[in-house]
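See structure below.
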Amino acid sequence: MSTGTPPIVDRETWQAARDELLLREKAHTREGDAIAAARRRLPMVEVDGTTRVTGPDGPVPFISLFGDEEELLVYRHMWHDGAPFQGQCEGCTVSAWQMRDASYLRARGVSFAVLCEGAWDEIAPFVAFMGYTEPWYSVRGLDEPLGGEMGHVTVFLRRGDRVFLTYDTTGRGVEVMDTPLGLLDLTPYGRGEAWQDSPEGWPEGSEACWYWRADHAGRGGHGETSRPTPQWTRPDATPVDHQGRHVHHH
């Protein structure tokens, strides 16, 4: 049990404090709306839509990822060459796992895909193991904004046979995909990370993102017996004795 807890008050006192915070939350929401309005006014830059990316049907032109839609949102997923499933990127797993179903994007006319820097013959069995049903493609050897640095959310617009980059974000900008992080921020002890501003007596924080990997007993941490946390739900996930990141990361 943690030693530090919020002070105990009656419901009326709690409601007054909650209402005071709500004013700040509403201001935060309105500022977010204003930023989104500015985002819609960004310029765009043309990219080569004929660039080949590799999926289950072999190399296809990037523009085909739009399908019949005008807009395309992609997540760019890191890869550790030659590593076993448990050695793949736990941070990218946070984002990809939340987007196992892009139905709401598609209903709005936005296509979705995961672009991964790994070789397709390594990606394909991993996607099957994880149970991902949204499309993945290898962008191995390609430059920005399709390849290059991974861990990005990137948005494209199609006009006829022309493709344009409209938006890109990384770092904490990717948290828009990472639903559990926002939910954890609603809890008294938050993410349990050392950088948090917490009251005196709160549980001591751990390294950032420590719970993105877990061991077979469900305990968060980056030890050698860990997997990216949701992998333990996979039918073929067995305990492991190493992460297997023994080879060069592409």
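The values are calculated or read from the model by the stated rules, or taken from the named source; none is laboratory data. Quantities reported herein were computed from a predicted structural model and do not represent experimental measurements. Using ideal geometry, Cβ is built from the backbone for each residue, glycine included, and neighbour counts are taken over all protein chains shown.
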Original post:
Restricted to region 126-150, and to residues that are free of Cβ contacts under 8 Å to residues at least 24 places away in the same chain and assigned to a helix (DSSP H, G or I), which residue is surrounded by the fewest Cβ atoms within 10 Å (Cβ to Cβ)?
Top reply: A128
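Rundown of residues vs (1) touching a strand residue (DSSP E or B) at 6+ places or on another chain (Cβ under 9 Å); (2) surrounded by 13 or more Cβ atoms within 10 Å (Cβ to Cβ); (3) free of Cβ contacts under 8 Å to residues at least 40 places away in the same chain; (4) not in a loop (DSSP other than H, G, I, E, B), yes/no style:
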{"site": "T154", "(1), (2), (3), (4)": "yes, yes, no, yes"}
{"site": "T166", "(1), (2), (3), (4)": "yes, yes, no, yes"}
{"site": "R172", "(1), (2), (3), (4)": "no, no, yes, yes"}
{"site": "L183", "(1), (2), (3), (4)": "no, no, yes, yes"}
{"site": "P188", "(1), (2), (3), (4)": "no, no, no, no"}
{"site": "W195", "(1), (2), (3), (4)": "no, no, yes, no"}
{"site": "W202", "(1), (2), (3), (4)": "no, yes, no, no"}
{"site": "T225", "(1), (2), (3), (4)": "no, yes, yes, no"}
{"site": "P235", "(1), (2), (3), (4)": "no, no, yes, no"}
Original post:
Which number in (1) among the charged types (D, E, K, R); (2) at pLDDT 95 or above; (3) within 17 Å of Y137 (Cα to Cα) marks the one condition that R108 misses?
Top reply: (3)
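Based on this model, can you work out whether R40 counts as farther than 30 Å from P125 by Cα, free of Cβ contacts under 8 Å to residues at least 60 places away in the same chain and loosely packed, with under 10 Cβ neighbours inside 10 Å? Quick ask: steps written out before the conclusion?
Working: farther than 30 Å from P125 by Cα: yes; free of Cβ contacts under 8 Å to residues at least 60 places away in the same chain: yes; loosely packed, with under 10 Cβ neighbours inside 10 Å: yes.
So R40 fits the description; yes.
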Original post:
Looking at region 207-222, is at least one residue aliphatic (A, V, I, L, M), in contact (Cβ under 8 Å) with a residue 60 or more places away in the chain and surrounded by 19 or more Cβ atoms within 10 Å (Cβ to Cβ)?
Top reply: no
